[in-house]
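Enquirer: This structure is in C-alpha cells; I'll ask about it shortly.
The values are calculated or read from the model by the stated rules, or taken from the named source; none is laboratory data. Since the structure is predicted, the reported quantities are computational estimates derived from the model, not experimental observations. Counting neighbours? That spans all protein chains shown, and the Cβs are built from the backbone with ideal geometry, glycine included.
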Amino acid sequence: MKIKIKKVNKDGLVRLETSGEIKEVEIEEDFLNPNAETIALCFRGESSSGIVELRTKEFDEVYKQIRKRIHLIKDVKILG
C-alpha cells in the first residue's frame, strides 16, 4: 500500500509519501448509533505506520467504485 499526503501548514505546502503493508482491519461498531460505525485500515512500513479510518458510507462508496472497474484488470492479457 502506498500513501501520499499533501498538507498546508504555516511553512507552506508539505508532501509526505510512505508505503507499507496492511496489518489489520478493525471494525468499530456502535450499537446505539449505527451511523457512527468506522472501518480502520492499520498499516506498518519500514519506517512508518498509521491508520486510515473510514466511515461505512465512505467505505461503501470506495467499494462501489472498485467493483465497477475490477473487470478491467481481470480481462488484461499479455502477449509476448
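Enquirer: Restricting the range 18-69 to residues that are polar (S, T, N, Q) and assigned to a loop (DSSP other than H, G, I, E, B), which is nearest to ILE3 (Cα to Cα)?
Expert: Kept after step one, since they are polar (S, T, N, Q), are these residues of the range 18-69: 18-19, 33, 35, 38, 47-49, 56, 65.
This time we only want the ones that are assigned to a loop (DSSP other than H, G, I, E, B), so: 33, 47-48.
Details: ASN33: 30, SER47: 13, SER48: 11 Å.
My answer is SER48.
Enquirer: State yes or no: is ALA40 modelled with pLDDT under 90, closer than 26 Å to LYS57 by Cβ and surrounded by 10 or more Cβ atoms within 10 Å (Cβ to Cβ)? Before you say what the answer is, go through the steps one by one.
Expert: On the way: modelled with pLDDT under 90: no; closer than 26 Å to LYS57 by Cβ: yes; surrounded by 10 or more Cβ atoms within 10 Å (Cβ to Cβ): yes.
No; evaluated as a whole, the condition is false for this residue.
Enquirer: OK, next. From the list LYS68, LYS4, LYS74, exactly one residue is at pLDDT 90 or above, loosely packed, with under 10 Cβ neighbours inside 10 Å and among the charged types (D, E, K, R). Which is it?
Expert: Details: LYS68 fails: at pLDDT 90 or above; LYS74 fails: at pLDDT 90 or above.
The unique qualifying residue is LYS4.
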